[in-house]
Structures are given as structure tokens and as C-alpha cells.
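**Student:** Pasting a structure here, questions to come.
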Amino acid sequence: MSAERPTPLSVFELSRMGASAELEGARLIADRAGANGPGVRLRARCGGEPLCFWVPEPAWCDWIAPQLATHAWTQVPPDLLPLVAAWTLAPLDGWLQRLGAQALCAPEVDAGDAPPPGWRFTLQEGDRRLPLYVQEAPAGVMQVLLAALAPSPEQHHELALALGWCQLAGDAPAHVAVGDALPLLGMAETLDTLWLHPEASPGRLQLLDDRHAVIAAAPLPWVEELPDTVRLAVEVGRVRMSAAALADWTPGTDVALEARAHVALRLTQGERLWGQGRLLRLDDAWAVRIDARAD
């Protein structure tokens, strides 16, 4: 398992947390979750690429009970395992084909360790539920699945608002002291236009007030962290938005939201607070003066 920091979710992916769709006789719901305990892997191939879901073993046994009563996957005769795997994935397979994806082939079931936290697709059929934790999936299949789900009207997200970011090379962050000024990158020409969700940087919002905004064009790309560098988002506040608003991310669109400002600029690295500061205007640029370090 990689020790790297997980890739931040895009605005599109955020809009699909809690999203759902109706299948024939079943319902599919997407969210993100961690998994643990004994489980089985449901493996297949889609368009020649591997697709693998992890399922808690008790949940899988309950799901297949109408076809085969069992308390453990090892109790299923080996020659029946491909058939049972195909039957388990049949609702998802049929839906994927209707969406234009290729049919699943070579289904298998075996034991496997729980994957790290990530996407989970839950099939619901009456009182039965089958949580499918994504262990491996082609990007195209994930895009098809997520795009076909309708955002939940109840789902809201609280995200950071940032002026831009500071990027430091090597061990420079360890030597930054109170009173130092760090160059601010990616800042808009006006203070009311801010990066939304700076970890993934899907775009910008132009705040009209603390309840309304307009999605602004974002011509500047978010600079990726280079090897031996640290990127600090310069947050000015937080905003609460609906999943539906995130789903229709188009420049010029009006957005209802709830925004609040921080008392001071917060410099964050991922979810960790790195320090606090204030905005400085230089001759031809902006900078952040460090007023406090968190460590």
C-alpha cells in the first residue's frame, strides 16, 4: 500500500458523494468509506482491464443467500464460484452495458485484504445491501459510473477558500520564521475571487456576499507539487455548498452558498495547519507575512 497522500477529489467527484441511480430492481449509491474485517474480492475484466471490488464477507453471504445459502466463501464449491461472482455483479454489469461500457467477463471470487479508504458503490435491493469497495477500476469505468449518478439533494460540502498558494523548495519550510514573507502564487486580480477547494483546485468563485457567488473562469493552472517541494494553500475562509451546485460547475453560473472568513490567513498543507499570516502588497506581486507557526 502506498504511503503517499491520497489524490484530492475533484469538484466533479465531490458532487457524486451520496449520488445515486435506479437500476432494474435495485438502487446504486456512491460514497467514500474505509473498510475492515474479513472480506472477499469480486474480480472481473471490463474492456480487457481489471475491475476489482472488495466486499465484507458477511455482506456478500447475505447478498447471495437467495441463490446459495452459505456462511463463508470457502463453503461455495470451487466450480460454482465464477457463476456466483457473475450473479453478484449482474445488476452492475447490466447497467454498465446500458451506459455503453463493455460487458464484464471472467468473474472470480477469492479472499482479499480490505483496500484503503476510497470509493464505495452500494447496491440496494429491498432490505439487502451489497457494499462494493473499489479496489481497482479503469478510469473510464469510474467516469461512466459516477457520471450516471444523480447528485444527492441533501449532500453538502464544506470546502476551503484560498487566495492562492506558497510553494517552497527543499527544507525551506523548516527555516521559515515569524516575520518572513512568502511569495503568493495564483492570486486573482481582485480579492473577491478565490480558489475553491485548493487541494484539488477545480476553479474559482467570485463572492458577491456571504450567501451568493458566481463561478469564475480559472485561467491559471494549479501548480503541482514538484519533488522536494512543499505547497501551502493560503486559506481565507470556508464555504458550504450543495452537491448539486458542484455538479454544474460552469463559469458564469450563480451559486448559493454559506461563506465565512477566517480571522487570519491560514497556511495549510493538506489538512494540516502550517501557520498563520497576513497579506502583503509588494510592488508587482503579493506575499504572505508569517505571524505564527503551528509547529
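The values are calculated or read from the model by the stated rules, or taken from the named source; none is laboratory data. Because the structure is predicted, anything quoted here is derived from the model rather than measured. Cβ: placed from backbone, ideal geometry, glycine included. Neighbour counts: every protein chain shown. For accessibility, only protein heavy atoms count, side chains too; no ligands or nucleic acids. Shrake-Rupley method; radii C 1.70, N 1.55, O 1.52, S 1.80 Å.
**Student:** Rounded to the nearest 0.05, what FRET efficiency is calculated for GLU136 and ALA172 with R0 set to 51 Å and r the Cβ-Cβ distance?
**Tutor:** 0.85
**Student:** Taking the highest mean first, how do the peptides 91-101, 254-264 order by number of other beta carbon atoms within 10 angstrom per residue?
**Tutor:** The most tightly packed comes first, giving 91-101, 254-264.
**Student:** For the chain, what is the accessible area per residue in Å², given a 1.4 Å probe and the full set of protein chains?
**Tutor:** Normalised by residue count, the accessible surface of the chain is 50 Å².
**Student:** Related question: Report, in order of residue number, the helices in the chain meeting two criteria: a C-alpha extent of 15 Å or more along the helix axis, and a mean Kyte-Doolittle hydropathy of at least 0.0; treat each whole DSSP H run as one helix.
**Tutor:** 81-98
**Student:** Each label point is 7 Å from the Cα along the Cα-to-Cβ direction; what then is the distance between the points at GLU24 and THR74, in nm?
**Tutor:** Taking the two extended label points, one gets 3.7 nm.
**Student:** Suppose R0 equals 22 Å; then what is the FRET efficiency for GLN124 and ALA90 from their Cβ-Cβ distance, rounded to the nearest 0.05?
**Tutor:** Once the sixth-power term is evaluated, E becomes 0.90.
**Student:** Run the accessible area of the chain with a 1.4 Å probe and give the carbon-and-sulfur part as a rounded percent.
**Tutor:** Heavy-atom surface of the chain belonging to carbon and sulfur, 1.4 Å probe: 52 percent.
**Student:** Going by average Cβ density within 10 Å per residue, which order do the peptides 41-49, 106-114 take, highest to lowest?
**Tutor:** Per-residue Cβ counts within 10 Å, averaged per peptide and sorted highest first, yield 41-49, 106-114.
**Student:** Related question: So for the chain, what are the equivalent ellipsoid semi-axes in whole Å, largest first, each being the square root of 5 times an eigenvalue of the Cα gyration tensor?
**Tutor:** 44, 22, 15
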